[in-house]
C-alpha cells in the first residue's frame, strides 16, 4: 500500500465523525492533486445517489456513478473517478474524485480508501446523524425511521452466501421487516410480514425482532426462538395482535436449511432457471395463542440455489385494478438469475413501482439469498 493511501486511511481513523470526506481530501490533494472529493450515498428507495454536500442528486441509470454502484467496480471518465463505497457487501454509495489520472494502480489504491471509508461510516453512524440525514430524498415517517434503524443492513456477502433485502414504501414502511446474522457456520434469517398501521405496527415488529434476537443469542433452537417470540408478543397483547414470520437457519457447511413457518411470507426457490414455491408446514403467527408449540422442518439447498422471501404486499400490489399476482412474480424472478441479490431485489421493487405507477400503498418486503456452497 502506498504511503499516501496509508495516510488517507489514518486520516479516516482520526477524523471527527462529520469530517470523514474532508479527511480524505486533506491527504489526496497534496499527494495526488485530487482536490474534488464527494460522497454520494444511495437513498432508502435505492433510486437516487445523494451527495453529502451541495451537488445535485444522481438519478440517471446510465450515469457513471450508477455504473460504479451497480457493477461494484471503479469507473474513470474524463479524469473523474467514481468508486464504490462498500463494506462486506453492504453498498453505501460511491466516492467521487477529481482530477484522477488514468493509472490502474492508483485506482486500486483509491478503491482501498473507499472501502476504508465504508468501514468508518459504519463505525460512526451510531453517533452522528450527518450521513443518515444526507441519504434521504424526503422525510421518513416515524414508523419508517424505527423500521430502518432496526435492520442489520441491506446487503451482505460472505464466502458461502450473498444476501439482500429491501422495504417498500421505503419512506413510509410500517410493519414489514427482516433480520439476519451469521457466525461463520450458520446463517439466521427472519422475515416479518407486519400488521397494523403507523407506529403501532413498528412497535409490534420491533418487539418480535428483539425477542427473536434475544432467543437466538441465547443459543436456542429455531423452534424455541419462535416460541419465545410468540410468548413475548402474547404476554403483551393477549392474542389481540400477532405477527406473521418466516424463520430460517442455513448450515453453511452442508447447505441444509431449517425453517419455521409462523404464518409466514412466501418462500420461493429459483433453481436452474425454474421457480417453485417451497412447501412449508403452516403454523400459527407469533403471539396469536398462548404457549404455541412450533416445529421446524428441513430441506437441502443445492449450490447455486436462490431463495426469495416476499410478503403479501408484493403479490397483492394493485395497479389499474389488477393484482401483480404470483404469475407475474414467478416470471420476473426467473429474469433475476444473472443479477446479484441486491440488484435482483432492487429490480423487483422497481417492477412493482412501475406496475402501480408509484410507491406501493401497502407494506412489502423482499429478501434474496444465494447459496454459493460451503467454504472453509
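Miscellaneous remarks
- The helices (runs of 4 or more DSSP H) falling completely within the range 265-365 that include 3 or more residues that are under 22 Å from the mean Cα position of the chain (by Cα) and free of Cβ contacts under 8 Å to residues at least 24 places away in the same chain map to 341-356.
- Among the conditions (1) surrounded by 13 or more Cβ atoms within 10 Å (Cβ to Cβ); (2) touching a strand residue (DSSP E or B) at 6+ places or on another chain (Cβ under 8 Å), the only one that residue 332 does not satisfy is (2).
Yes/no matrix, rows are residues, columns are (1) within 21 Å of the chain's Cα centre (by Cα); (2) under 25 Å from residue 347 (Cβ atoms):
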site: 193; (1), (2): yes, yes
site: 198; (1), (2): no, no
site: 209; (1), (2): yes, no
site: 238; (1), (2): no, no
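- Taken over the range 245-259, residues that are surrounded by fewer than 19 Cβ atoms within 10 Å (Cβ to Cβ), touching a strand residue (DSSP E or B) at 6+ places or on another chain (Cβ under 8 Å) and farther than 9 Å from residue 301 by Cα amount to 2.
- Just one of the listed residues (363, 351) is at pLDDT below 95, surrounded by 15 or more Cβ atoms within 10 Å (Cβ to Cβ) and out of contact with any strand residue (DSSP E or B) (no Cβ under 8 Å at 6 or more places or on another chain), and it is 351.
The values are calculated or read from the model by the stated rules, or taken from the named source; none is laboratory data. Only a predicted model underlies this, so the values are computations on that prediction, with no experimental measurement involved. So basically every Cβ, Gly included, is an ideal-geometry build from the backbone, and we count neighbours across all protein chains shown.
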